[in-house]
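Worksheet: one structure, shown below.
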Amino acid sequence: MRKSRPGMFVMLVIAVFTATCVAQEKKPLSPPGEASVKFDDGKTVTIQYSRPSMRSRKIFGGLVPYEKVWRTGANAATSLKTDADLTIGGANVPAGSYTLYTLPGPNSWKLIINKQTGQWGTEYSQGQDLARVDMKVSQKNAGMETFTISLDKTSANSAVLKLDWENTIASVEVQEKK
């Protein structure tokens, strides 16, 4: 049985419409990102977050105010999952899942490791803090357009957690407890 020309025309219109809609989908303003490190014993640490961009905005001391808890990215809260017991900046962090927040300042930052998980990024409860640790802060000349978290392995069982955006890098040592 042959299809009629009007039926083929309708199918063609639907195909073109679908292709146009897919082509017009916009990328999210803050796409998802992930940083992870695998220690020599096979245990991993993974951070999932959203990556906002500067888009000609003043970031630290502007969009991200100083001395206020920041969700450390955009959208949903930034999550940390670890298979290993860790020491982060001197604080004991048992294997498990956590949320990371930061408290940026003009000269010093704190990383906040929070026991509450699965919440939207602005739903912070200080009563759920596991620890607050000092971060090393440095400035750089070239700006980072898109917020980036990295876990750079430094030895068999250690890494440096880095937050890099605008002209600021905040970092802290992460070590697997043995």
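The values are calculated or read from the model by the stated rules, or taken from the named source; none is laboratory data. From a predicted model like this one, the values you see are computed outputs, not experimental measurements. Positions of Cβ are backbone-derived with ideal geometry, glycine not excepted, and every protein chain shown enters the neighbour counts.
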>> Which condition from (1) more than 21 Å from Gln175 (Cα to Cα); (2) of a type in the set (A, V, I, L, M, F, W, C); (3) modelled with pLDDT of 95 or more is the one that Ala142 breaks?
In response: (3)
> Would you pick out the residues in region 74-83 that are small (Gly, Ala, Ser) and without any contact (Cβ under 8 Å) to a residue 40 or more places away in the chain?
Replying inline: Ser79
> Which residues, counting only those in region 41-70, are more than 30 Å from Ala156 (Cα to Cα) and surrounded by 13 or more Cβ atoms within 10 Å (Cβ to Cβ)?
Replying inline: Pro52, Ser53, Met54, Ile59, Phe60, Gly61, Leu63, Val64, Tyr66, Val69, Trp70
> Got a number for residues in region 123-149 being under 22 Å from Ser30 (Cβ atoms) and either among the acidic types (Asp, Glu) or touching a Lys or Arg at 6+ places or on another chain (Cβ under 6 Å) (or both)?
Replying inline: 4
>> For region 52-73, which positions are touching a residue at least 60 places away in the same chain (Cβ under 8 Å) and small (Gly, Ala, Ser)?
In response: Ser53, Gly73
>> I'd like the full set of residues that are within 8 Å of the chain's Cα centre (by Cα) and either in a loop (DSSP other than H, G, I, E, B) or over 16 Å from Thr117 (Cβ atoms) (or both), limited to region 48-76.
In response: Arg51, Thr72, Gly73, Ala74
> When you go through Val160, Val133 one by one, which is the residue that is in contact (Cβ under 8 Å) with a residue 12 or more places away in the chain, under 20 Å from Asp41 (Cβ atoms) and not in a loop (DSSP other than H, G, I, E, B)?
Replying inline: Val160
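Yes/no matrix, rows are residues, columns are (1) loosely packed, with under 15 Cβ neighbours inside 10 Å; (2) free of Cβ contacts under 8 Å to residues at least 24 places away in the same chain; (3) under 20 Å from Gly61 (Cα atoms):
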site	(1), (2), (3)
Asp85	no, no, no
Pro104	no, no, yes
Ser108	yes, no, yes
Val137	no, no, yes
>> Which condition from (1) over 15 Å from the mean Cα position of the chain (by Cα); (2) closer than 27 Å to Arg55 by Cβ; (3) loosely packed, with under 15 Cβ neighbours inside 10 Å is the one that Thr146 breaks?
In response: (1)
